[in-house]
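Taking it in order: structure first as structure tokens, then the write-up.
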Amino acid sequence: VSGHAINQVDKRELLTLHSGSLSWRNRGILVLGESGNGKSTLTLEMVANHGWTYLTDEVGLVNPQLVIQPFLKTVSCKRTCIVDIDKSWARRQFGDDCQVAVPREKHSKPAPLKAIFFVKYAPDNQPRLEPIKKTEALVRLMNAQIGRAKSVATVEQMAEVVKHVNAYNIFHNDAAEAARLITTLVDSIE
């Protein structure tokens, strides 16, 4: 994380979450999930094929005004997770791991946080969204903090996030269908 971002984290001005972050018509979302649940695959799918713009794949940075700040880096995923993306997107492979560079024209400016999604992939999942209670979302966000933020962000700061932003589980077995469900929901948010 850049020196400026570390400074903001240390001053409790920036929450740092292990998440993907995207924007749709200036509505930002966080995409969280445990390893292997398709967070990066879903992030790539949404940017490549559903009109979303890219903020980050790994380090969701949220300021006190609930605006997601970009943290541009390559998308890290397994080689088998690569979705249908244009051949012009730069990729590097390291064994089973792959790094995908999202083209500059797909990058987003800071966007207000409007929803949080916890990805749950399984081959037998039927694609669906389920709202999460605020208390459960709070616990999950506290557990999703990374790096220096684990000892800096307070429960009160995270509570402000879940007070103003709804959270959902997105169960899926197909990133394209999950992207459609999320896009439809986010489109309905003011």
Name every residue in the range 45-78 that is open to solvent by less than 10 Å² (accessible area, probe 1.4 Å), part of a strand (DSSP E or B) and modelled with pLDDT of 90 or more, in order of residue number.
-> Tyr54, Leu55, Thr56, Gly60, Leu61, Val62, Ile68
Pick from the range 119-149, criterion over 15 Å from the mean Cα position of the chain (by Cα) and basic (Lys, Arg), ranking: most open to solvent (accessible area, probe 1.4 Å) | Lys133
Yes or no: Ile116 open to solvent by less than 90 Å² (accessible area, probe 1.4 Å), part of a strand (DSSP E or B), over 18 Å from Cys77 (Cα atoms) and β-branched (Val, Ile, Thr)?
-> yes
Taking the range 79-102, which residues are open to solvent by less than 60 Å² (accessible area, probe 1.4 Å), more than 15 Å from Leu22 (Cβ to Cβ) and either outside any loop (DSSP other than H, G, I, E, B) or among the basic types (Lys, Arg) (or both)?
-> Cys81, Cys98, Gln99
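The values are calculated or read from the model by the stated rules, or taken from the named source; none is laboratory data. Just so we're clear, the structure is a prediction, and the values are computed from it rather than from any experiment. Note that we place each Cβ from the backbone using ideal geometry, even for glycine, and neighbour counts take in every protein chain shown. In case anyone asks, the SASA skips ligands and DNA or RNA and just uses the protein heavy atoms, side chains included. Shrake-Rupley method; radii C 1.70, N 1.55, O 1.52, S 1.80 Å.
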